[in-house]
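Okay, structure first, notes after.
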Amino acid sequence: MEFELKVLLFIIVVAVFTSFADGDENGGQIEALLKWKNSLENPSSASLFSWDISSNSSFSPCEKWVGIICDDGFVNIIHINLTSMGLKGMLQGLDFVSFPELVTLDLSNNSLYGVIPKSIGMLANLKILYVNANHFSGSIPSAIGNLTKLKGLHLSLNHLSGNIPKEIGLIASLVDLKLPMNNLSGSLPAEITNLTSMKILLMGNNRLSGYLPDSICSGGLLERLSVHTNRFIGPVPKDLKNCSRLVRVRFEENELTGNISEDFGVYPMLNYIDLSYNKFFGEISPNWGSNQNLKSFKVSHNNIAGSIPSELANATKLEILDLSYNQLVGKIQNELGGLKLLFNLELNDNQLSGNVPTEFRFLSELAHLNLAVNRLSGLVPEEFGQCSKLLYLNLSNNKLTAMVPSQIGRLHSLQDLDLSHNLLTGELPSELGYLSSLETLNLSHNQFSGYIPNTFDTMSSLTAVDVSYNMLAGPLPNSKAFRNAPAKAFEHNKGLCCNAMMKKSKRKYSKMVLVSIIAPILSTLILLSIILGTFFTRSSRARYMVEPEGAGERENCVTIWGFDGKLMYESLIQATEDFNPKYCIGRGGSGSVYKAMLPTGQVFAVKKLHEIDDDDDVANLKSFSNEIDALTEVKHRNIVKLCGFCSHAKYSFLVYEYLEGGSLAKMLASEEKAKQLDWNKRIQVVKGVANALTYMHHECFPPVIHRDISSSNILLDSEYEARVSDFGTARILNPDSSKLISFAGTFGYSAPELAYGTEANEKCDVYSYGVLALEVIMGKHPEDLLLSLSLPESIIGHRFTVKDLLDHRLPPPEDPVGEEVVFTIKLAFSCLQTKPQSRPTMQQVSQKLLTRKPTLSDPLEMIKLEKLLVDQIL
């Protein structure tokens with residue numbers, strides 16, 4: 001018995017000793033983490049605030065430390081996930097030996113720098129190593145080959161250089177390898193073919209060279225392969241032809257060669273492939289049409305010959321088809337008209353002949369069509385008028401004949417039209433003047449005759465035009481694009497008359513001056529008549545309106561452009577059930593907005609003025625009149641369209657186009673909708689508002705200032721195109737009315753000088769635009785940032801980076817949109833100058849937004865706001 005007790009006691013002692021030993025092991029991990037934390041440049045960062053043992057008697061990081069997960073026994077740390085924690089420092093201070101059971105190490109999206117230590121190879125059980133989106137430099141350590149259990153290795157978006165080590169081929173379990181956007185060079189190691197479990201292999205945007213290995217898909221599991229923007233030469237890997245699981249392939253911007261009809265197979269799951277900017281030859285195989293999931297097929301800038309196979313139309317999910325800059329011959333297959341989802345078709349710079357297929361009318365989603373620089377003949381199809389979503393149409397440098405069909409005028413979304421260098425004849429159809437969104441028009445080098453239609457006067461969005469080398473005569477249109485165009489845009493015609501244009505311009509200028517004198521007087525009389533109970537809807541600007549029968553009667557004083565006023569009034573009342581609150585979609589200071597869906601299917605937004613006390617009557621009716629005055633003067637694609645108005649004994653309301661996207665403010669406030677508004681869409685919103693203000697300030701005579709630019713007053717359509725709305729406080733800047741002492745606008749967006757009763761001018765809108773631009777980028781109103789900018793010595797500039805400023809609901813933007821974002825922030829800071837005279841004009845802002853931006857020299861987390869504040873663009 002005594003012996004048994006001694007044995008039992010021994011076992012207990014051993015157990016206790018083991019327990020303490022385990023505690024020491026855990027303590028070693030704690031010590032290693034704290035030591036590394038203290039080596040960081042920001043050890044007191046709020047991100048690692050929980051890494052503290054002073055208030056934790058158990059000393060265990062397993063339950064309370066952020067980013068730390070232990071095994072079931074709370075002994076060994078198995079996961080370290082510190083992604084996007086704002087960490088800055090080096091990895092040398094982390095003792096990897098202390099983490100023998102570590103499975104995951106995720107340090108991605110921080111500001112860590114220096115080399116990746118060789119000791120990282122001691123993490124024998126590591127399966128996930130993500131250190132992407134940092135500032136690591138130097139080479140990839142060969143010790144990485146010791147991580148034989150590794151499945152995912154992400155090293156992208158760093159400054160790594162040198163060769164890819166051959167030891168990487170020892171990691172047979174590797175499934176996901178991402179190395180893009182570094183400075184890696186040299187050829188791929190042959191050992192990479194040992195990675196038979198590989199599903200994702202991304203190496204784009206490096207300086208890699210040499211040949212691609214023949215067996216890059218040796219395991220047959222490869223799904224994503226990207227080697228774009230390198231210096232690879234020679235053929236594509238031989239086993240790629242049978243790599244049937246491929247989903248996404250990018251080979252563009254190399255010097256790869258090979259026969260495109262022989263080197264590729266059928267890929268049932270492929271949805272994206274880009275072979276552009278290489279030296280591929282051969283013909284396009286009919287087999288490409290067998291890829292039923294293919295959405296994007298790009299093979300531009302190669303040496304591909306032969307014809308376009310009709311079987312390509314069997315890839316019915318195609319959205320992007322780019323075969324440009326090759327040596328294709330033959331006709332454009334009619335069957336391509338069956339690609340119902342196609343929105344980008346580029347066949348330009350080939351040797352295609354025959355007619356343009358009329359079947360293109362079935363491409364209801366088509367937005368971009370480029371058939372330029374071919375040998376096409378015949379007519380410009382009138383069926384193009386059915387492609388209602390077309391934004392870009394280029395048929396230049398062909399042999400098209402006869403007249404331009406009037407149906408082209410139905411393309412109300414069209415922004416760029418190029419019909420130059422053809423054999424087109426006859427007079428220009430007046431319907432072209434209805435292209436209200438058109439920005440660029442090139443009709444040069446044809447045989448057009450007659451006068452340019454006077455409908456071209458109303459093309460308010462047009463910025464560039466060329467009608468040279470035709471047989472046109474008569475006066476030039478009196479629009480900004482024609483007035484500002486260089487002389488060469490009109491040369492070699494039969495008799496285009498600049499003098500007539502000048503006389504016409506002078507007559508219109510005199511007329512506008514007369515209107516600017518009469519308008520204030522007339523507005524005053526109208527307001528007085530409203531107060532007395534008689535509202536006159538006929539004004540000098542109402543000559544284009546269609547008035548209903550009996551419009552002079554107070555019970556039916558309604559004007560709806562293009563409609564019978566009385567009938568439309570009754571339809572709107574019925575559609576909103578006498579303005580039932582269930583149809584209300586927004587409320588403002590002066591009125592509520594209702595959605596009105598008519599039996600015809602048309603939808604309008606109706607802003608009904610609030611019922612008000614007599615004391616507020618004048619101000620509210622003045623706002624009503626302002627909106628009518630302003631929106632009957634301004635017509636622009638980025639300004640909400642006023643469809644009509646009504647002043648009735650019972651109701652006064654304004655009728656607008658209905659925009660499905662609602663206000664920008666509501667979209668940014670919604671977690672779900674804000675994610676839909678990606679960086680590209682946000683940049684387009686910023687550009688759209690800039691274009692609208694440029695038009696109001698610099699292309700309207702007299703100029704118009706808005707005075708209330710805010711996210712609540714920016715509406716979005718279904719394509720996220722921006723529209724400036726709510727012109728209730730807008731002012732037309734007549735020569736004698738620029739000094740506006742009373743405050744107008746939304747607090748938080750208004751220029752600081754307005755607080756002191758300073759005159760309101762265009763620079764007030766510029767300041768508000770700067771606030772709005774930052775709000776779009778940040779996803780919220782930049783009130784704290786604006787406050788810090790107003791301090792004598794701002795501390796925010798050197799503490800925060802561009803990445804800190806971004807809306808974290810979206811992933812950080814990559815080039816080229818990344819540079820657009822940085823550029824927008826710079827412009828916004830320029831617009832927020834305290835002194836109005838130091839701010840740019842909106843015209844300067846718009847021009848800068850159109851310029852091509854350089855690629856980012858540094859990652860977003862390295863670009864300090866301080867640099868952007870100093871390095872402003874304007």
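The values are calculated or read from the model by the stated rules, or taken from the named source; none is laboratory data. This is a predicted model, so every value here is computed, not measured. Because the Cβ atoms are built from the backbone with ideal geometry, glycine has one as well, and the counts that use them run over all protein chains shown.
Some observations on this one:
- Taking the criterion of being surrounded by 17 or more Cβ atoms within 10 Å (Cβ to Cβ) and charged (D, E, K, R), the residues of segment 102-141 that qualify are Asp106, Lys127.
- The condition of being part of a strand (DSSP E or B) and closer than 16 Å to Ile30 by Cα holds for Leu105.
- Residue within segment 423-430 that is acidic (Asp, Glu) and either modelled with pLDDT of 95 or more or more than 36 Å from the chain's Cα centre (by Cα) (or both) present: yes
- Residues that are among the charged types (D, E, K, R) and buried (at least 21 other Cβ atoms within 10 Å of the Cβ) were ranked within segment 209-255; the one that is farthest from Val175 (Cα to Cα) is Glu252.
- Looking at segment 788-874, the helices (runs of 4 or more DSSP H) lying wholly inside it that each contain 1 or more residues that are in the same structural domain as Trp679 (by TED's automatic domain parsing) and at pLDDT 90 or above sit at 817-831, 842-850.
- For segment 139-149, the count of residues that are assigned to a strand (DSSP E or B) and modelled with pLDDT of 95 or more is zero.
- Within segment 682-706, being out of contact with any helix residue (DSSP H, G or I) (no Cβ under 7 Å at 6 or more places or on another chain) and crowded, with 24+ Cβ neighbours inside 10 Å holds for Ala692, Tyr695, Met696.
- Test: residue in segment 274-287 that is surrounded by fewer than 20 Cβ atoms within 10 Å (Cβ to Cβ), assigned to a helix (DSSP H, G or I) and out of contact with any Cys (no Cβ under 6 Å at 6 or more places or on another chain): yes
- Among the residues listed as Asn291, Asn344, the single one being surrounded by 21 or more Cβ atoms within 10 Å (Cβ to Cβ) and at pLDDT below 95: Asn291
- Residues that are at pLDDT below 90, surrounded by 14 or more Cβ atoms within 10 Å (Cβ to Cβ) and over 40 Å from the mean Cα position of the chain (by Cα), drawn from segment 32-56: Ile53, Asn56
- Across segment 445-460, the number of residues qualifying as within 32 Å of the chain's Cα centre (by Cα) and crowded, with 19+ Cβ neighbours inside 10 Å comes to 3.
- In segment 249-268, the residues that are in contact (Cβ under 8 Å) with a residue 24 or more places away in the chain and among the basic types (Lys, Arg) reach residues that are part of a strand (DSSP E or B) and surrounded by 18 or more Cβ atoms within 10 Å (Cβ to Cβ) with C-beta atoms within less than 6 angstrom, at least six apart or across chains, in these pairs: Arg250/Ser226; Arg250/Asp274.
- Inside segment 171-198, residues that are assigned to a helix (DSSP H, G or I) and either crowded, with 23+ Cβ neighbours inside 10 Å or of a type outside the set (Ser, Thr, Tyr) (or both) make up a count of 4.
- Test for Gly86: is it buried (at least 17 other Cβ atoms within 10 Å of the Cβ) and assigned to a loop (DSSP other than H, G, I, E, B): yes
- The selection criterion, being at pLDDT 90 or above and within 28 Å of Lys635 (Cβ to Cβ), does not hold for Tyr749.
- Breaking point among (1) modelled with pLDDT of 85 or more; (2) not in a helix (DSSP H, G or I), for Leu668: (2)
- Unmet requirement for Pro61, which otherwise passes all of (1) over 38 Å from the mean Cα position of the chain (by Cα); (2) over 29 Å from Met198 (Cβ atoms); (3) not in a loop (DSSP other than H, G, I, E, B): (3)
- When each of Val686, Val606 is tested for being in contact with a Phe, Trp or Tyr (Cβ under 9 Å, 6 or more places away or on another chain), modelled with pLDDT of 80 or more and not in a helix (DSSP H, G or I), the lone residue that passes is Val606.
- Taking the listed residues Glu719, Glu660, the one that is in a loop (DSSP other than H, G, I, E, B), modelled with pLDDT of 85 or more and over 25 Å from Ile628 (Cα atoms) is Glu719, with no other qualifying.
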